[in-house]
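Here's the structure we're looking at; comments come further down.
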Amino acid sequence: MEHGSIERELRIDATPEVVYEVVSSPEHLREWWPDEAELDPVPGGTGTITFGDPASPDAKVEHLTVVEADPPRRFAFRWVYDQGASAAPGNSLLVTIDLVPSGDGTLLRFKETGFRERGWEAAVLEQAYADHVRGWDHFLPRLVARADSLVARP
């Protein structure tokens with residue numbers, strides 16, 4: 001199995017401007033992805049996302065670094081890197097979200113790369129890749145629902 005990238009395309013009945021806010025602003029991220037989000041959504045901006053109760057020792061905290069912020073076309077960030085490290089190719093995963101106008105909505109092109117570049121042993125690579133596939137298959141439909149919920153219906 002190829003463990004190089006995860007790619008998805010989603011059709012969303014909201015404008016690229018609305019979808020961009022949903023994928024880049026902490027208040028919207030919390031509604032579809034992590035339980036808590038702190039992020040400065042500008043190039044070079046950093047932050048954290050937390051899965052689970054932030055007060056719990058079992059909470060999973062991931063650091064993020066924004067690589068590109070080009071509203072309303074592209075939002076990209078690096079994550080899954082060691083605390084204290086600077087996110088770079090080879091030590092982190094890269095998520096790129098491209099937004100393409102499509103009729104009165106948006107085509108969202110999602111891509112996560114960098115799995116093989118992490119240098120993980122095969123079993124760790126396979127597990128991380130499978131975990132991310134399951135995660136994105138769960139969370140991306142929630143992103144669509146969140147964006148759709150922000151659009152006023154006649």
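The values are calculated or read from the model by the stated rules, or taken from the named source; none is laboratory data. The model shown is predicted, which means the values in this text are computed figures rather than measured ones. Note that each Cβ is placed from the backbone with ideal geometry, even for glycine, and that neighbours are counted across all protein chains shown. In case anyone asks, the SASA skips ligands and DNA or RNA and just uses the protein heavy atoms, side chains included. Shrake-Rupley method; radii C 1.70, N 1.55, O 1.52, S 1.80 Å.
Phe51 satisfies every condition listed in (1) among the hydrophobic types (A, V, I, L, M, F, W, C); (2) out of contact with any Pro (no Cβ under 7 Å at 6 or more places or on another chain); (3) open to solvent by 40 Å² or more (accessible area, probe 1.4 Å) except (2). All of (1) open to solvent by less than 10 Å² (accessible area, probe 1.4 Å); (2) over 23 Å from Ala145 (Cβ atoms); (3) outside any strand (DSSP E or B) hold for Val42 with one exception: (1).
State yes or no: is Arg73 in contact with a strand residue (DSSP E or B) (Cβ under 9 Å, 6 or more places away or on another chain), surrounded by 13 or more Cβ atoms within 10 Å (Cβ to Cβ) and free of Cβ contacts under 8 Å to residues at least 12 places away in the same chain? Here the answer is no, as Arg73 does not meet what is asked.
Using the structure shown, decide if Gly103 is under 25 Å from Gly44 (Cα atoms), open to solvent by 60 Å² or more (accessible area, probe 1.4 Å) and without any contact (Cβ under 8 Å) to a residue 40 or more places away in the chain.
On the way: under 25 Å from Gly44 (Cα atoms): no; open to solvent by 60 Å² or more (accessible area, probe 1.4 Å): yes; without any contact (Cβ under 8 Å) to a residue 40 or more places away in the chain: yes.
No, not satisfied.
Checked against (1) part of a helix (DSSP H, G or I); (2) open to solvent by 70 Å² or more (accessible area, probe 1.4 Å); (3) not β-branched (Val, Ile, Thr), Lys111 meets all criteria but (1).
Mind checking which residues of the range 88-99 are open to solvent by 30 Å² or more (accessible area, probe 1.4 Å) and of a type in the set (A, V, I, L, M, F, W, C)? Listed by number, the residues that qualify are Ala88, Leu94. Does Arg134 satisfy the criteria of being of a type in the set (Lys, Arg), surrounded by 14 or more Cβ atoms within 10 Å (Cβ to Cβ) and either in a loop (DSSP other than H, G, I, E, B) or on the phi < 0 side of the Ramachandran plot (or both)? So Arg134 does not fit the description; no.
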